[in-house]
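The values are calculated or read from the model by the stated rules, or taken from the named source; none is laboratory data. In this text, all values refer to a predicted model and were calculated from it rather than measured experimentally. Backbone-built Cβ (ideal geometry, glycine too); neighbour counts: all protein chains shown.
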Amino acid sequence: MSGEAADQAEQDAAFMRRAIELAERAERVPGTSPIGCIIVQDGRVIAEGHNEVDLRHDPTAHAEVVAMRRAGEALGVSQFPGAVLYSTLQPCGMCSMASIWAKIGRIVYGAGRDDVHQMYFEGRDLNTVDFVVDAYRDDFSLTGGVLRRECARLYHQPGEDVPEEEQANI
Ligand SMILES: [Zn+2]
């Protein structure tokens, strides 16, 4: 690994740790789910969020959308060129598409489809990677598996018997 790549890996891990903290905080708030997201632009955190779907009765209040709305409100803009979006779980199609609209430059996620129970992805017919490929942008990239095990620990495990009422829109 080159020095620059090592620096980026270290920075990614540090920001992902913050996203994990947000996910853990969400676990203690009724109506939320343990997904954490932060958006970083020019090395600075511009917004944070965790899933608030049941709290707000808003099916689109995924952690990534919550963070994008906050970034927009805080900065008074609707696009964040070159920003990096960190999420503890591989973003769904909605959040990936919203990232493309927001001109986010890079998505970094922790746990992926194979690291967690299938319920998290069964409603997601399209793989996030397809959105990136189809975005027709060469300035958009995606990195998965940052702090994979620490992130996967926030979720039900593959093959686990999860009661219906615990299955949520995240
Ligand atoms: Zn989503």
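Only one of the listed residues (Pro34, Pro91) is closer than 19 Å to Val146 by Cβ and within 10 Å of the chain's Cα centre (by Cα). That residue is Pro91. Output the residues belonging to region 43-63 that are away from the ligand (no atom under 13 Å from the Cβ) and within 17 Å of Ile107 (Cα to Cα). Selection gives Gly43, Arg44, Val45, Ile46, Ala47, Glu48. Selection of first residues in region 153-170 that are outside any loop (DSSP other than H, G, I, E, B) and of second residues that are modelled with pLDDT of 90 or more, restricted to Cβ pairs under 8 Å at least 6 apart or on distinct chains, gives the following pairs, ordered by first then second residue: Glu166/His156. When region 108-121 is filtered for residues that are more than 13 Å from the ligand (Cβ to nearest atom) and outside any helix (DSSP H, G or I), the ones remaining, listed by number, are Val108, Gly110, Ala111, Gly112, Val116, His117. Regarding region 13-23, can at least one residue be identified that is away from the ligand (no atom under 16 Å from the Cβ) and over 14 Å from Gly110 (Cβ atoms)? Within region 13-23 (the criterion being away from the ligand (no atom under 16 Å from the Cβ) and over 14 Å from Gly110 (Cβ atoms)), the answer is no, since none of the residues qualifies. Which members of region 54-96 meet the condition of being in contact (Cβ under 8 Å) with a residue 40 or more places away in the chain and assigned to a helix (DSSP H, G or I)? Those that are in contact (Cβ under 8 Å) with a residue 40 or more places away in the chain and assigned to a helix (DSSP H, G or I): Asp54, Ala63. Residue count for region 131-144 under the criterion of being modelled with pLDDT of 80 or more and not aromatic (Phe, Trp, Tyr): the result is 5. Residues that are of a type in the set (A, V, I, L, M, F, W, C), part of a helix (DSSP H, G or I) and within 17 Å of Pro91 (Cβ to Cβ) within region 1-45 comprise Phe15, Met16, Ala19, Ile20, Leu22, Ala23, Ala26, listed in sequence order. Of everything listed in (1) over 15 Å from Phe140 (Cβ atoms); (2) within 15 Å of the ligand (Cβ to nearest atom); (3) in contact with a His (Cβ under 9 Å, 6 or more places away or on another chain), the single unmet condition for Pro91 is (1). May I ask you to list the residues in region 43-62 that are buried (at least 16 other Cβ atoms within 10 Å of the Cβ) and basic (Lys, Arg)? None - no residue of region 43-62 is buried (at least 16 other Cβ atoms within 10 Å of the Cβ) and basic (Lys, Arg), so the list stays empty. Each residue in region 97-107 was checked for being assigned to a loop (DSSP other than H, G, I, E, B) and either without any contact (Cβ under 8 Å) to a residue 24 or more places away in the chain or not hydrophobic (A, V, I, L, M, F, W, C) (or both), and 2 of them qualify. Against the condition within 26 Å of Glu10 (Cβ to Cβ), more than 16 Å from the ligand (Cβ to nearest atom) and modelled with pLDDT under 95, how does Thr128 come out, does it pass? Spelling it out, it is not the case that Thr128 is within 26 Å of Glu10 (Cβ to Cβ), more than 16 Å from the ligand (Cβ to nearest atom) and modelled with pLDDT under 95. Put simply, of Val66, Val40, Val29 the only residue that is within 14 Å of the ligand (Cβ to nearest atom) and either over 17 Å from Tyr155 (Cα atoms) or surrounded by fewer than 23 Cβ atoms within 10 Å (Cβ to Cβ) (or both) is Val66.
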